[in-house]
Amino acid sequence: MKIGFEETPAAPAGTYSRHLAELLAEYAPEHEYIVDGARYKELDLYHGFRPGLPLPLLRRIPSVMTVQNLNFLRYPHLYSLPERLVLLRLYRRALRSASRLITVNRDAREELSERLRIDPGRIEVVMPLAARVPHEPPAGAQLEAVRRKYMLPAEFILMLGTVEERHNHKVLFEAVGSLGERERAIRAEGLGAAQREAVAPDPELPGLAAGRARGPASA
């Protein structure tokens, strides 16, 4: 069977698709896993992670859709009215088309069922995949190269994800600002860095993680 995954280059959905395809190829090698939009016509099954599913494809083959959350309904004040209306339309259409739905926890499953009236029998709860990371710490030269590329100070706070109000960056910096002098310096640098949202390639993530600010217990 040829199983396709959503292709979203340089975005969390695309990164997750690649990791999932690699892991499934290791544990279930009898199938072929495809993360390539140019090959969608070959697929026997499609797995998407966003509401904009390719409808012409879904009319021909079964599909699975993973829904992380319904934040546009849970936190409507963080989205404009046009954004909410578009997302609602896309989600309703995609959820009707998908053969099976996946959520990351029971709360998300209940939210899907209650807010969008989805039959709970169509929804499976599956924990998200944890991507593998190298066990060996990055070399000093790699750490320095990553710091220079992203113009990072000697110590910084690493938060993975997009810079959006709902991710509570402001709350974190306010909390850090109430700590000691060292932490306030980190806050001042971090406030500027938070405005420089960047997409880091996978090979650079270990360097970013290793270079972040560490507390006394892990220093």
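Annotations for the structure displayed:
- For segment 58-104, filtered to residues that are free of Cβ contacts under 8 Å to residues at least 24 places away in the same chain and hydrophobic (A, V, I, L, M, F, W, C), the residue that is farthest from Leu116 (Cα to Cα) is Ile61.
- Scanning segment 164-192 for residues that are under 26 Å from Ser80 (Cα atoms), of a type in the set (A, V, I, L, M, F, W, C) and either surrounded by fewer than 12 Cβ atoms within 10 Å (Cβ to Cβ) or at pLDDT below 70 (or both) gives Val171, Leu191.
- Some residue of segment 6-20 being among the hydrophobic types (A, V, I, L, M, F, W, C), at pLDDT 85 or above and assigned to a strand (DSSP E or B): no
- Filter result for Asp119 (modelled with pLDDT of 70 or more and among the acidic types (Asp, Glu)): yes
- Single unsatisfied condition, Thr103 versus (1) more than 26 Å from Met127 (Cβ to Cβ); (2) in contact with a Ser or Thr (Cβ under 8 Å, 6 or more places away or on another chain); (3) not small (Gly, Ala, Ser): (1)
The values are calculated or read from the model by the stated rules, or taken from the named source; none is laboratory data. Just so it is clear, the model here is predicted, and its values are computed rather than measured. All Cβ positions, glycine included, derive from the backbone under ideal geometry; neighbour counts span all protein chains shown.
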